[in-house]
2 protein chains.
Amino acid sequence: MLDKVKNVIVVLSGKGGVGKSTVSTQLALALRETGYKVGLLDIDLCGPSVPYLLGLEGSDIYQCDEGWVPIYTDETKTLAVMSIGFLLKSRDDPVIWRGPKKTVMIKQFLTDVKWEELDYLIIDTPPGTSDEHITVMECMREVPCTGAVLVTTPQGVALDDVRKEITFCKKTGIKLLGIVENMSGFVCPHCTTCTNIFSSNGGVELANFAQVPHLGTLPIDPRMGVLVGSTSSVLSHLPDSSTAQVMRHIVQQLAAATAQPQEITA
Amino acid sequence: MLDKVKNVIVVLSGKGGVGKSTVSTQLALALRETGYKVGLLDIDLCGPSVPYLLGLEGSDIYQCDEGWVPIYTDETKTLAVMSIGFLLKSRDDPVIWRGPKKTVMIKQFLTDVKWEELDYLIIDTPPGTSDEHITVMECMREVPCTGAVLVTTPQGVALDDVRKEITFCKKTGIKLLGIVENMSGFVCPHCTTCTNIFSSNGGVELANFAQVPHLGTLPIDPRMGVLVGSTSSVLSHLPDSSTAQVMRHIVQQLAAATAQPQEITA
């Protein structure tokens, strides 16, 4: 039930391992910290990362008359989370499902979860442009989909896949809110020299070329590792880090881009 | 037609972006350099990377009476490559396919491609345990499947997904040839201090725990970037690098592990 959700933002990336789940999770936490009510839905059925990243592994989902109750990260109930990870008996269990079964599950996540009033629902997707993505886009015809945030790393092979994702969004009519370039430059903690391990600026150039807003460029920061397994936002935990500064700017841009539908539906 | 193929090795990883395609490609090149005839099949339909990594983008696939002819990287015909990337009109084209259509395509790659006599066919897969993987395993019942190589990065979120992949292999009866830990440690080119950006030793510990051979640990080496877009093996291009040494050792172990089926089918 998405009827109480004001904005739905889908986080996409053609390629895997570019930090989509980390960006989704930190984006949800940052939006929450800015004062919004946020939901986070993980539809990566074969590789759900959100429970692990937020330290929610082993949480149990309960069913009420109106459907599944998502996991709330604390008693303020400002962050609601749903993932297939909560439905698996063991974290070693693989989800060996073909497409049609995945489609049913994702439809259930969108229609049978009791999402309360939310300012933002962030949907973290698996890599690619297949069953999961087609299903979300189909379900999005009935509910307001605000748009997509594309995550990429700067190297050519990732950009190739993001180009495909841009074409996918255009074909399915989803608005492109912008591109986030992740893992751009690593500052050696010993000598503070920055090395562009995975090349640099590819995301910025692609954003310019495709005329999609460039939302920000996030560096590789090993300190981010301490946030894994907790619901700490980089904004509060490492407020002076370049990651926090960029994330703050991304939240501002998304809030500005989504201000109008919020007023209409409010 | 896989009847002339002596060994089929499937490269798996639960998580995306761990370097599966780079490992697959360099493994194929290293096996070729060791004197074997090698095939490389890329079944990542939504994000094919192999044509880009080998500099074969824009190559055209021809059809002969017996099926599709794979792309040979040079006139020695010691490396044959097949990928959906060769069948797309533009590299920006996304493959927006649900599972059943992907299944048909992968079956075609295995049965309708004219694979000549090969010592090794390396199959590079997308992340996850879904349509692509189920289809390959089903087709593998009719042809000899030597086993699977699992690629992981050292951090917890990747290891979680590899655990799922190990369970998948056990459930589908595929032999685990071993685990490759990738992106383990970055040596700053300025001060030569090694930072374990994505944690360390996770792959080794998982291999011990799951009683799967640990094939090797590959570092993050920005010099590997120069190999992108060429058919140069790290063995010949950066022979003294730690990547080359580890890759040589991986090839030796795989050759030893696959020696017996080779003799039987020879």
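No lab work stands behind these numbers, since they all come straight from the coordinates. Everything quoted here is computed from the prediction, not taken from an experiment. Positions of Cβ are generated from backbone atoms using ideal geometry, with glycine treated the same way; all protein chains shown enter the neighbour counts.
Here the stretch B:133-266 has an Rg and Dmax of 16.5, 53 Å, counting Cα atoms alone. Annotation: cysteines of chain B without a disulfide-compatible partner (Cβ-Cβ under 4.7 angstrom) are B:46, B:64, B:139, B:145, B:169, B:194.
Inter-copy label distances for residue B:194: 2.7 nm (label point placed 7 Å from Cα along Cα→Cβ; shortest first). Put simply, the amide H of residue B:230, placed in the peptide plane, has neighbours under 5 Å in B:55, leaving out anything fewer than 5 places away on its chain. Residue by residue along A:151-159, Cβ atoms of other protein chains within 10 Å of the local Cβ number 3 on average. With all pairs of different C-alpha atoms in the average, the Kirkwood value for the hydrodynamic radius of the stretch B:75-140 is 13.5 Å. Label-point spacing at residue A:89 relative to the other copies reads 4.9 nm, in ascending order, each point sitting 7 Å out from Cα along Cα→Cβ.
Distant-in-sequence amide contacts of residue A:12, defined by a placed amide H-H separation under 5 Å and a gap of 5 or more residues or a different chain, comprise A:149, A:150, A:151. When the pairs A:101/B:102; A:101/B:107; B:6/B:101; A:164/B:107 are compared against a 18 Å limit on Cα-Cα distance, A:101/B:107; B:6/B:101; A:164/B:107 fall above it. When the convex hull of its Cα atoms is viewed from all sides, the stretch B:1-154 shows a mean projected area of 8.8 nm². Across the identical copies, the label point of residue B:4 (7 Å from Cα in the Cβ direction) is separated from its matches by 6.5 nm, in order from shortest. Note that the stretch A:129-134 has calculated 3J(HN,Hα) couplings of 9, 10, 2, 4, 6, 4 Hz, one per residue in order, obtained from phi through the Karplus relation 6.51 cos²θ - 1.76 cosθ + 1.60 (θ = phi - 60°); glycine and proline are x. Peptides B:244-250, B:204-210 ranked from most to least packed, by the mean per-residue count of other Cβ atoms within 10 Å: B:244-250, B:204-210. Altogether, the Stokes-Einstein calculation at 4 °C and 1.567 mPa s, with the Kirkwood radius of the protein assembly as shown over Cα pairs as Rh, returns a diffusion coefficient of 55 µm²/s. A simple charge model with +1 on the Cβ of Lys and Arg, -1 on the Cβ of Asp and Glu and nothing else charged puts the dipole of the stretch B:5-257 at about 560 debye relative to its Cα centre. The local environment of residue B:24, defined by Cβ-Cβ distances under 13 Å, has a net charge of -1 under the rule Lys, Arg +1 and Asp, Glu -1.
Each residue of the stretch A:13-28 is assigned a 3J(HN,Hα), and the resulting list reads 6, x, 9, x, x, 8, x, 4, 5, 5, 5, 4, 5, 5, 5, 4 Hz, derived from the Karplus form 6.51 cos²θ - 1.76 cosθ + 1.60 (θ = phi - 60°), x at Gly and Pro.
Over the residues of chain B, the helix contribution to mean residue ellipticity at 222 nm works out to -10500 deg cm²/dmol, using -39500 (n - 2.57) for each DSSP H run of at least 4. The charge dipole of the protein assembly as shown, taken about its Cα centre with unit charges on the Cβ atoms of Lys, Arg (+1), Asp and Glu (-1) only, comes to about 100 debye. When chain B is described by a simple charge dipole with +1 on each Lys and Arg Cβ and -1 on each Asp and Glu Cβ, the residue from B:251, B:156, B:183 located farthest towards its positive end is B:156. Altogether, the Stokes-Einstein calculation at 20 °C and 1.002 mPa s, with the Kirkwood radius of chain A over Cα pairs as Rh, returns a diffusion coefficient of 115 µm²/s.
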